[in-house]
Structure formats: structure tokens, C-alpha cells
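Read through the structure below, which is laid out as C-alpha cells, and then see the notes.
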Amino acid sequence: MAVLNGPLSCFEQMDDVQFTHWTSLLEERTGMHLPKERRSFLETSLGLRMKEIGIQDFSAYYHHLQSEKNGEREWLTLVDRLTVHETRFFRHEPSLEFLEEVILPRIFESEPERKKIQIWSAGCSTGEEAYTLGMIATQFIKKLSKHCYLAVTGMDISIPALVTARKAVYEQYKVRHVPERYLEHYFVEQDNGRYQIIDTLKKRVCFVPFNIIDMKKTLLEPMDIIFCQNVLIYFNRDRRKQIIHQLVQRLRPGGFLVLGAGESLSNPHSELEKVDFPNSLAFFKKLNE
Ligand SMILES: C[S@@+](CC[C@H](N)C(=O)[O-])C[C@H]1O[C@@H](n2cnc3c(N)ncnc32)[C@H](O)[C@@H]1O
């Protein structure tokens, strides 16, 4: 971390009032909750970005972000720097087993002639989760020999993350968790050693910018399956409840919501029914009576 002890130290430390201003701005615009313990993370992230664009102090940067001319574009860059994009293909096995063993079979049992399945990866980061869901669902549909159209939508607040997702090209180390049978079917190794998602899968998966705390602007058909994993942890309890409420509005009755295993809320929504499956946290949206 030599870089942090070097030129950055010329930046002022953030005082309590500045910290409150910054955390309120972040909370209001992204819902992100930054406790006091993360003050040095905020100082460092802002400091690094300010150094890149030649701004000397936190107040000047705060005003720059409000400016009509470049503020909006700079805001998108900053949000990308402050959000955690950690993800990987086939990240949470129990949830994926739940998808394969419970969700998809139930959808086709209840509606054998189903012609379309819509899946949403909310907070998709650089696309690995959305493509993973796409691969598993495609294999499942193939196995049943059904003519069913699959559409996966990945959404995230970070534009650079979405750009990577749309490219659908990943370094070799990123595909190390992809099971061999999926790697063979859905990736092509390029001359430079990177792996490209094949076109037929790429066409099924689209990526759209969105802010999870402002879903009113998000036009989506009702989803059959929503994965929202490792996203809610960045929000406080009230925000989590609001987000779940919005996700439920976008879920088809009979559809499934899959959260990260540790992102529990005891009673998230009256329209949801918990579905027990080992090491996972998943809910079924009750059918209309
Ligand atoms: C840790 S990643 C999780 C990625 C993936 N879901 C997984 O589990 O591997 C969290 C993602 O949530 C996104 N995020 C954070 N705040 C958001 C917001 N207000 N609206 C939409 N996405 C947000 C971040 O940009 C980041 O890509």
C-alpha cells in the first residue's frame, strides 16, 4: 500500500462534518451505508480519484460532483470506485443447486408448455452471475427438449462493470470455477488466453444500468426468478426492506427470489414464503388467490 503513504498524505483528513456530508450524499443517491469505521476507506477512495482529476480538497470535489457540466459523469466514475464488484462464475453452489433442482423443475411442472423464462440478476457486477444463471437454465431447458425462450437481464449501478459484462470476455483465472462441461459448451478460448462467452448465450443475456433504490424507473416485465446476492449487505435494514418490496413487485406470482445466504431478514415480505433448501435463502411469491 505504498501509494497511500506517498502523495496521498498531502490531502487533508476528513472532519466529522465533511464525513456526514459525504455519507449523506452517498446514502441519498445510492442507498449505500458507510459507517464511521469506513471513514478511511472513503478518504482513500475519494483521495485517489481527486488526485487523478487534479482536485485538491474534499469540499471542492463535493461541489464538482454537484456541477451541471461534469458532475453527473464524474458521479458515475466515483460510484464505481466506491462499490464492491467482487463476483465470480458459479459463486454460490447451494443457490445454483436450488435453481437447478427446485426452481426450474417447479416452473415446468406447474406450466409444462411454458414458452418464456425471465431471470434477473440484480446487482450483477461484471456479468458472471447473469451468465452463470443463463448457462444453467439453458442446459436445463435443453435437457427437457423444450422450446422455451430464455431471457436473462443483468443490472447494476456501475457503468464500467456493465461494459465488462457486455464484452463477455474473461481472463483465464476468472473462469477457473466454471465446471468443465459448461466451459466446453459456453466459452471459446481466444488466442490471447482469454475466454469469450459464445454468441448464443450472449444473445440471451442483456445488461442494463439501474439503481436498486430507485426501481420505479426500471421497466421490466414480471420476472420468474430474481437473484439478488451480495448486494443487500451494503444497505441498512430499512433500505433492505424497501428494496425487497420493490423486487417483489417485479416478481411474477409463483416466481422465486434468491438472496445471499447471509442476507437474512426474518420476515421480508407478506407475499413471500420461505423455501427451505440447505445453505440458501430463497422465497416463493405466493400465488394470487
Ligand atoms: C459484491 S457485487 C455482487 C455481484 C453478484 N451479485 C454476486 O453475488 O457475485 C455487488 C454489486 O452491487 C452493485 N450495487 C451497489 N449498489 C447498487 C445500487 N444502488 N444499485 C444497483 N447496483 C448496486 C455494485 O455495483 C456491485 O457490482
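The values are calculated or read from the model by the stated rules, or taken from the named source; none is laboratory data. None of the values given here were measured: they were computed from a predicted structure. Glycine gets a Cβ as well: all are built from the backbone with ideal geometry, and neighbour counts include every protein chain shown. Calculation scope for accessible area: heavy atoms of the full protein, side chains included, ligands and nucleic acids excluded. Shrake-Rupley method; radii C 1.70, N 1.55, O 1.52, S 1.80 Å.
Open to solvent by 40 Å² or more (accessible area, probe 1.4 Å), of a type in the set (A, V, I, L, M) and closer than 23 Å to LEU82 by Cα, is that true of ILE244? It is false that ILE244 is open to solvent by 40 Å² or more (accessible area, probe 1.4 Å), of a type in the set (A, V, I, L, M) and closer than 23 Å to LEU82 by Cα.
Of all the residues that make up the range 149-163, how many are more than 25 Å from LEU78 (Cα to Cα) and surrounded by 16 or more Cβ atoms within 10 Å (Cβ to Cβ)?
Total meeting the criteria: 3.
Of the residues LEU82, LEU76, LEU96, LEU46, which is away from the ligand (no atom under 12 Å from the Cβ) and either touching a residue at least 12 places away in the same chain (Cβ under 8 Å) or in contact with a Leu (Cβ under 6 Å, 6 or more places away or on another chain) (or both)? Walk me through how you get there before you give the answer.
On the way: LEU82 fails: away from the ligand (no atom under 12 Å from the Cβ); LEU76 fails: away from the ligand (no atom under 12 Å from the Cβ); LEU96 fails: away from the ligand (no atom under 12 Å from the Cβ).
Step by step, each of LEU82, LEU76, LEU96, LEU46 is checked, and only LEU46 is away from the ligand (no atom under 12 Å from the Cβ) and either touching a residue at least 12 places away in the same chain (Cβ under 8 Å) or in contact with a Leu (Cβ under 6 Å, 6 or more places away or on another chain) (or both).
For the range 252-283, filtered to residues that are assigned to a loop (DSSP other than H, G, I, E, B) and over 19 Å from ARG237 (Cα atoms), the residue that is least open to solvent (accessible area, probe 1.4 Å) is SER280. Picking from residues in the range 106-146 that are without any contact (Cβ under 8 Å) to a residue 24 or more places away in the chain and not basic (Lys, Arg), the one that is surrounded by the fewest Cβ atoms within 10 Å (Cβ to Cβ) is SER145.
Checking LEU104 against (1) outside any helix (DSSP H, G or I); (2) of a type outside the set (Phe, Trp, Tyr); (3) over 16 Å from PHE89 (Cβ atoms), which test does it fail? Evaluating LEU104 over (1) outside any helix (DSSP H, G or I); (2) of a type outside the set (Phe, Trp, Tyr); (3) over 16 Å from PHE89 (Cβ atoms) leaves (1) as the failure.
Evaluating THR218 against the criteria (1) closer than 20 Å to GLY127 by Cα; (2) out of contact with any Phe, Trp or Tyr (no Cβ under 7 Å at 6 or more places or on another chain); (3) open to solvent by less than 70 Å² (accessible area, probe 1.4 Å) leaves one unmet condition, (2). Scanning the range 164-191 for residues that are touching a strand residue (DSSP E or B) at 6+ places or on another chain (Cβ under 9 Å) and open to solvent by 70 Å² or more (accessible area, probe 1.4 Å) turns up ARG166, LYS167, GLU171, GLN172, VAL188, GLU189. Quick one: count up the residues across the range 44-93 that are surrounded by fewer than 14 Cβ atoms within 10 Å (Cβ to Cβ), within 17 Å of the chain's Cα centre (by Cα) and β-branched (Val, Ile, Thr). Adding up the residues that qualify gives 1.
Out of everything in the range 33-62 that is touching a Lys or Arg at 6+ places or on another chain (Cβ under 9 Å) and outside any helix (DSSP H, G or I), what residue ends up being modelled with the lowest pLDDT?
HIS33
Cβ separations smaller than 9 Å between residues 6+ apart or across chains give the following pairs from the range 182-202 residues that are under 11 Å from TYR131 (Cα atoms) and assigned to a helix (DSSP H, G or I) to residues that are open to solvent by 20 Å² or more (accessible area, probe 1.4 Å) and of a type in the set (A, V, I, L, M): TYR186/ILE198. Evaluate the following for PHE89: is it within 25 Å of PHE235 (Cα to Cα), among the hydrophobic types (A, V, I, L, M, F, W, C) and touching a His at 6+ places or on another chain (Cβ under 8 Å)? Judged against the criteria, PHE89 is a match.
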